[in-house]
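*Asks:* This is the structure I have questions about; it appears just below.
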Amino acid sequence: MKVLCFGALNIDYTYTVDHFVQKGETLSSKSLQVFSGGKGLNQTVALARAGAEVYHAGAVGTDGGFLLQLMEEAGANIENVAVLDEVRTGNAIIQKDKNGDNCIILYGGANQAITKAQVDRTLQKFEREDFIVLQNEINELAYIMEKAHEIGMKIILNPSPMDEKIPKLPLQYVSYFLLNEIETLQLLQSDDTDDIDGERLARKLLEKFPTAAIVLTLGEKGSVYMDQKEKVSQPIYKVKTVDTTAAGDTFTGFFIAGLLKSGSVKEAMDLAAKASAIAVSRPGAAPSIPVLAEI
Ligand code: RIB
């Protein structure tokens, strides 16, 4: 079974800071590092390093060659990535603080130049039951979902970063939601942040989307899988946090690859938890994602 990840590729500029910059403040950073990133690229790299047959679709400018090289070296097919002359590669400005936490500003660039023609050209190479993995950093998401549904592909949505476009998507077609508790609350249009209980949130989302499976990541509290037949709670593997960037993407890629390989949700959740623990113990986005042998 093939996995198509249609998503963003970014050049990540990671600034190490003492604290996140405040309103009106000018802050000197301790270092600047440049990494390959973008939620789409990170999830493709995670899928490939976890051993899945993965195809990436998206777009870069002529400055994005090294991102393509990294995905190819990881084992992903990059034939469906457009290289555009007139627009620069997407980028992210990331502040990383002393706890390894981050905050991110995105510039879409080529990620926002996806055309319906590119979607049609790409999706015609896939069939019923193939997986398509999506995040919210590219344009034409609704069109991609409609077309993938027509073909009968299984749609996996990581609705991140969450914004006003997500509730307008044809979410009834989604087979798997992979998301965190804040994104879940936003999808539920709830502001009940006082008592965030993972299992309760997953159940509420499942009530809203009864044909989907919910994979909810809860930071330090681990993660929960829930569908109509099965519930799995997965604790985290504790490590010293260096950089949390791409931890969620690593979880997503390894969960899907694990599920395709073993068919066992429990094994896939455990694999994903181990892989994301390794990712947070290392700097950067894509470079922090482990290969299967390390796990
Ligand atoms: O999920 C992490 C990613 O989010 C970073 O690599 C950055 O590019 C942003 O897209």
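*Asks:* In square angstrom, what is the accessible area per residue of segment 1-93 with a 1.4 angstrom probe? Don't skip to the answer; put the middle values down first.
*Replies:* Values: 3960 Å² over 93 residues.
It amounts to 43 Å² per residue over segment 1-93.
*Asks:* Search the structure for amide H atoms under 5 Å from the amide H of Ala113, placed 1.01 Å from N in the peptide plane, and list their residues when 5 or more places away or on another chain.
*Replies:* Asn139
*Asks:* Return the sequence-ordered ³J(HN,Hα) values of segment 45-53 in whole Hz as given by the Karplus equation 6.51 cos²θ - 1.76 cosθ + 1.60 applied to θ = phi - 60°, using x for Gly and Pro.
*Replies:* 4, 5, 4, 5, 5, 8, x, 7, 7
*Asks:* At 1.4 Å probe size, with the rest of the protein present, what percent of the exposed accessible area of the chain is carbon and sulfur atoms?
*Replies:* On the way: 6530 of 13160 Å².
On the chain, the fraction of accessible area on carbon and sulfur atoms equals 50 percent.
*Asks:* Taking amide H positions as placed 1.01 Å from N in the peptide plane, with prolines and chain starts having none, which residues 5 or more places from Met153, or on another chain, fall under 5 Å of its amide H?
*Replies:* Here Glu129 satisfy the definition.
*Asks:* Using the reciprocal of the averaged 1/r over all distinct C-alpha pairs, how large is the Kirkwood radius of segment 1-63 in Å? Please list the in-between numbers first.
*Replies:* Details: mean 1/r = 0.0717 Å⁻¹.
It is 13.9 Å.
*Asks:* Pairs Lys96/Lys231; Lys23/Lys240; Lys229/Lys261; Lys221/Lys274; Lys98/Lys231: which exceed 26 Å Cα-Cα?
*Replies:* Lys96/Lys231; Lys23/Lys240; Lys98/Lys231
*Asks:* Before rounding to the nearest 500, sum -39500 (n - 2.57) across all DSSP H runs of length at least 4 in the chain and divide by the residue total; then give [θ] at 222 nm in deg cm²/dmol. Show your work: numbers first, answer last.
*Replies:* Working: 8 runs with 90 residues, N = 295.
Value at 222 nm, helices only: -9500 deg cm²/dmol.
*Asks:* For segment 37-99, which trypsin sites (Lys or Arg not before Pro) are both in a DSSP coil and crowded by at most 13 other Cβ atoms within 10 Å?
*Replies:* On the way: sites: Lys39, Arg49, Arg88, Lys96, Lys98; in loops: Arg88, Lys98.
Listed in order of number, the matching sites are Lys98.
*Asks:* Now, a different point. What are the chymotrypsin sites (Phe, Trp or Tyr not before Pro) within segment 166-216 that DSSP puts in a loop, where the Cβ has at most 10 other Cβ atoms within 10 Å?
*Replies:* On the way: sites: Tyr173, Tyr176, Phe177; in loops: none.
Of the chymotrypsin sites (Phe, Trp or Tyr not before Pro), not one in the loops of segment 166-216 has a Cβ with at most 10 other Cβ atoms within 10 Å.
*Asks:* Then there's this: Answer rounded, prolate or oblate for segment 174-295, using the Cα gyration tensor with square roots of eigenvalues a ≥ b ≥ c: rounded when a/c is under 1.5, else prolate when a/b is larger than b/c, else oblate.
*Replies:* Numbers: a/c = 2.11, a/b = 1.39, b/c = 1.52.
In terms of gyration-tensor shape, oblate.
*Asks:* Please sort 249-260, 25-36 by packing, taking for each peptide the average over its residues of neighbouring beta carbons within 10 angstrom, highest first.
*Replies:* Values: 249-260: 27.7, 25-36: 12.5.
Order by mean packing, descending: 249-260, 25-36.
*Asks:* Still on this structure, I have one more. Using all C-alpha to C-alpha distances in the chain, build P(r) with 5 Å bins and read off the rounded percent in each one.
*Replies:* Cα pair-distance distribution for the chain, in percent: 1, 6, 13, 17, 19, 19, 14, 8, 3, 1, 0.
The values are calculated or read from the model by the stated rules, or taken from the named source; none is laboratory data. Quick caveat, the model's predicted, so the values are computed rather than measured. Positions of Cβ are generated from backbone atoms using ideal geometry, with glycine treated the same way; all protein chains shown enter the neighbour counts. Accessible surface areas use protein heavy atoms only, side chains included; no ligands, DNA or RNA. Shrake-Rupley method; radii C 1.70, N 1.55, O 1.52, S 1.80 Å.
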